[in-house]
Each structure stands twice: as structure tokens, then as C-alpha cells.
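Single-structure report; data block below.
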Amino acid sequence: MVERQLRRREIRNERVLEAISRVPREAFLPASLHSQAYEDRAVPIGQGQTLSQPYMVAAMTEALDPEPHHRVLEVGTGSGYQAAVLSLLVRAVRSVERIPDLAREAERRLEALGITNVRVGVGDGTLGWPEEAPFHGIIVTAAAPSVPPSLLEQLSPSGGRLVIPVGSRAGQDLLRITRRDGETDTQVLVGCRFVPLLGEEGWPTA
Ligand code: SAM
């Protein structure tokens, strides 16, 4: 997967490639879907949600430019796979999931793999995790209609990065927003399609 799908598509950060090669993707899928674990596409994880395509996990992780001393917030724990990849790259990961069953299952998987620097919370991740802020990086793995102001506020003011898909429900642009000296700089990275980010600063839940 790393050679065929990621290096060929210009993923260059060796730390990110190494972390991805160390996390067993099948451990985050039900047994019936293990054969699909390394295919180049998103895989269903139940509750109408998906584990993102390997390339997208790699591209988002690379865009975050994770360093060993960083503290990172993930919004949209899903299966826990992205959090497991991040756990090998940074000091501490906080991950929020709105569906309690998915959060519980992800926690169980992370524990089974002996990962101890990830904390999973249940709630509306569009509001971030204020008690744990600021974060060097925030990664949102669901599609937002616009950038949630709470997440921008919880970024480190000295170079914090928010990686987030923003657009319509049908398709989005992956953005990287860097906060520095009271200003934000936005880069458009790639087109993508995620499940919706539902919540107070996302799409309406009803
Ligand atoms: N990162 C996940 C993984 O590694 O398996 C995949 C995430 S899946 C594409 C998107 C997830 O975002 C879903 O599990 C969904 O329930 C969750 N989600 C949507 N809106 C949310 C919100 N406001 N707060 C937290 N999680 C949310």
C-alpha cells in the first residue's frame, strides 16, 4: 500500500510513510472486511461511516506536518485508524467522535494495540476540545460546510495547522489553514469527498 498507493502519489514525508506502514489497517475493520483493508478506497465501518482511503489519510497526515513534541486533535475518530497513525508521530492525540458506539470500539482497538497516548472523547467535535487546547495541529476527517470558528481558536497561535475538508455535501476541497501572529493563511490542497461533519458549527443534525 505504501509503495503502490502512497509513494506513487507523491506522499514524501518518510515519518508519515513509516507510521502508516506500522499500523495494521485490518485491525480497524470488522473481520468480514479484512480483505479490503489495503485497497485504494474508503471502507465502511458501520453506522453509515467510513474509514478513509489510504491516500487521503496519508495526505492529511502529511499536511499536518506532525513533529514528535506536538499535541494534535482529531475530529471524527471513526474506526480509530487515523488516531493510531498520529499516535506514532506526535506526543499526544485527542480524538472526538459524535457516535458513542464508534468511539467505544475505537478505544478498544487502540488499547488492544498498546497505544497509550490517544484519548477518545464523545461529543460534538465542531466545538473542538477546549479544555485540552491549544493544539499544534487539528485534523478533521469529515466534511464541513465552512471552517468552524471554535477549531481556529483552539489552534496554537504560533504556527498551528488545521487540515479540513470544506465544501458542499457532494464534494469538498481539502484545506490547510495555518495560524500565525494573529493571521491565518489558507492553502487548497486537493479535491475530496467525505461524510458530513454534523454539529453546532457543521451541518445540521436534523
Ligand atoms: N478518521 C476516521 C478513521 O480513521 O476511521 C474516519 C472518520 S469518518 C470518514 C468521519 C467520522 O466523523 C464519522 O465517524 C462521524 O461519525 C464523525 N463525525 C461527524 N460529525 C462529527 C462531529 N461533529 N464530531 C465528532 N465526530 C463527527
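What tally of residues in the range 87-114 results from selecting those that are in contact with a helix residue (DSSP H, G or I) (Cβ under 7 Å, 6 or more places away or on another chain), touching a residue at least 60 places away in the same chain (Cβ under 8 Å) and more than 21 Å from residue 199 (Cβ to Cβ)?
4
Which residue out of 42, 31, 59 is over 15 Å from the mean Cα position of the chain (by Cα) and open to solvent by 10 Å² or more (accessible area, probe 1.4 Å)?
After applying the criteria, what remains is 31.
Scan the range 93-102 for residues that are under 15 Å from the mean Cα position of the chain (by Cα) and part of a loop (DSSP other than H, G, I, E, B) and jot them down.
98
Determine which single condition residue 119 fails, assuming it passes every other condition in (1) crowded, with 17+ Cβ neighbours inside 10 Å; (2) assigned to a strand (DSSP E or B).
(1)
Considering only residues of the range 168-206 that are hydroxyl-bearing (Ser, Thr, Tyr) and assigned to a loop (DSSP other than H, G, I, E, B), which is farthest from residue 142 (Cα to Cα)?
205
Specify the residue that is farthest from residue 3 (Cα to Cα); the eligible residues are those in the range 79-102 that are open to solvent by 10 Å² or more (accessible area, probe 1.4 Å) and in contact with a Leu (Cβ under 7 Å, 6 or more places away or on another chain).
So, considering only residues that are open to solvent by 10 Å² or more (accessible area, probe 1.4 Å) and in contact with a Leu (Cβ under 7 Å, 6 or more places away or on another chain), the one farthest from residue 3 (Cα to Cα) is 98.
For residue 112, all conditions in the list (1) open to solvent by 60 Å² or more (accessible area, probe 1.4 Å); (2) within 17 Å of the chain's Cα centre (by Cα) hold save one; what is the number of the exception?
Here residue 112 meets the rest and fails (2).
Picking from 204, 196, 149, which residue would you name as being farther than 14 Å from residue 63 by Cα, under 17 Å from the mean Cα position of the chain (by Cα) and within 16 Å of the ligand (Cβ to nearest atom)?
196
Among 42, 59, 63, 27, which is within 16 Å of the ligand (Cβ to nearest atom) and either modelled with pLDDT under 90 or within 23 Å of residue 201 (Cβ to Cβ) (or both)?
On inspection, the qualifying residue turns out to be 63.
Is at least one residue of the range 66-75 open to solvent by 40 Å² or more (accessible area, probe 1.4 Å) and free of Cβ contacts under 8 Å to residues at least 12 places away in the same chain?
no
Please work out which one of (1) within 15 Å of the ligand (Cβ to nearest atom); (2) surrounded by fewer than 22 Cβ atoms within 10 Å (Cβ to Cβ); (3) modelled with pLDDT under 95 is the condition residue 52 fails and give its number.
Result: residue 52 passes all but (2).
For residue 105, only one of the following conditions fails: (1) outside any helix (DSSP H, G or I); (2) within 12 Å of the ligand (Cβ to nearest atom); (3) open to solvent by 60 Å² or more (accessible area, probe 1.4 Å); (4) at pLDDT 95 or above. What is its number?
Residue 105 satisfies all of (1) outside any helix (DSSP H, G or I); (2) within 12 Å of the ligand (Cβ to nearest atom); (3) open to solvent by 60 Å² or more (accessible area, probe 1.4 Å); (4) at pLDDT 95 or above except (1).
The values are calculated or read from the model by the stated rules, or taken from the named source; none is laboratory data. Since the model is a prediction, treat every value here as computed from it, not as a measurement. Positions of Cβ are generated from backbone atoms using ideal geometry, with glycine treated the same way; all protein chains shown enter the neighbour counts. Areas reflect the complete protein model, heavy atoms only, side chains present, ligands, DNA and RNA absent. Shrake-Rupley method; radii C 1.70, N 1.55, O 1.52, S 1.80 Å.
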